[in-house]
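*Asks:* So that we are looking at the same thing, I have put the structure below in structure tokens.
Nothing in this text is a laboratory measurement; each read-out follows from the coordinates by a stated rule. Computed from a predicted structure; not experimentally measured. Using ideal geometry, Cβ is built from the backbone for each residue, glycine included, and neighbour counts are taken over all protein chains shown.
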Amino acid sequence: MNKLQFLKAVREKTSDLPLHETNHLLEYYAEMIEEAIEEGASEEEAVARLGSWEEICTQIDDFLTSQPIAECPAVKEQTKKEEPINPQKMPRKRISLPMLAVVLLILTSPVWGAVVLSLGIAVFAVVVSLVM
Amino acid sequence: MDIQLKRGLLDVCVLAAIKNKDSYGYAIVREIGEFVSISESTLYPILRRLEAADCLTLYSVEHNGRLRKYYRITDAGRARLSAFAEEWKEILAIYQFVIKEEEEHE
């Protein structure tokens, strides 16, 4: 396969892509072939060095389906910023927190109940003694 | 080698190849090729992914009457390289542990 045949095959393979993506891909492969020719390879050898057609198709498919890498710090920051405005998570938290507080208050009433009760009695006693 | 692991390794290999000076596709393949098997067609999706993730930028330079694309690492790309170095300290520790366990069972 020579350079033109190869590039034509790549263009056919990527005909579903937006034009700028196809052009980007064609520029890339054309550059790679030119580089190998500059190093002394023939056109056919240069094309053969790119790998088997099968491998090239696999790589193109891989690129078409792959998302930008998630671990990249720039991408990470973006997803972090989006989290607080997630509408599904927020309301659930607002309801569950007061309910949890009420349940905890009732459950721990034997502990603080006695304190509140004795304080109440003390205040009552003071008020009563002042009035009398 | 596991495909996901190799993909991640190739990403950082490419970033490492342009860490100190900008480079172009053919030279990157030659440089990394000494350590891992990589072809020109394997490099393409890696470069595009790294570009989409803002880990590198590219610009064209005229060379022998045609254009050659150069790749330059960004701050995000450098951050990713440091993160990789940190992660691998942990992985190395785990490796040492696994190897030790295996030796004790032999």
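*Asks:* What does the charge count near B:Tyr26 come to, summing +1 for each Lys or Arg and -1 for each Asp or Glu among other residues with Cβ under 11 Å from its Cβ?
*Replies:* Working: positive: A:Arg49, B:Arg30, B:Arg68, B:Lys69; negative: A:Glu31, A:Glu34, A:Glu35, A:Glu38, A:Glu39, B:Glu31, B:Glu40.
Residues close to B:Tyr26 contribute a combined charge of -3.
*Asks:* Beta carbons within 10 angstrom, averaged per residue: use that to sort the peptides A:2-8, A:43-49, A:122-128, highest first.
*Replies:* My ranking of the peptides, most packed first, is A:43-49, A:2-8, A:122-128.
*Asks:* Another question, then. Treat each spin label as a single point 7 Å out from the Cα along the C-beta direction, and report the A:Ile37 to A:Thr108 distance in nm.
*Replies:* In this crude spin-label approximation the distance works out to 7.9 nm.
*Asks:* Turning to a different aspect of this structure: Relative to the longest principal Cα axis of chain B, at what angle does helix B:75-105 sit, 0 to 90 degrees, rounded to 10?
*Replies:* Taking the Cα atoms of chain B, the angle to B:75-105 is about 30 degrees.
*Asks:* Helix B:3-17: angle to the longest alpha-carbon principal axis of chain B, degrees 0 to 90, nearest 10?
*Replies:* 50
*Asks:* For chain B, set up a Gaussian network in which alpha carbons nearer than 10 Å are linked by springs, and say which option among B:Leu58, B:Leu81, B:Leu67 fluctuates the most.
*Replies:* Among B:Leu58, B:Leu81, B:Leu67, the largest mean-square fluctuation in the Gaussian network model of chain B belongs to B:Leu67.
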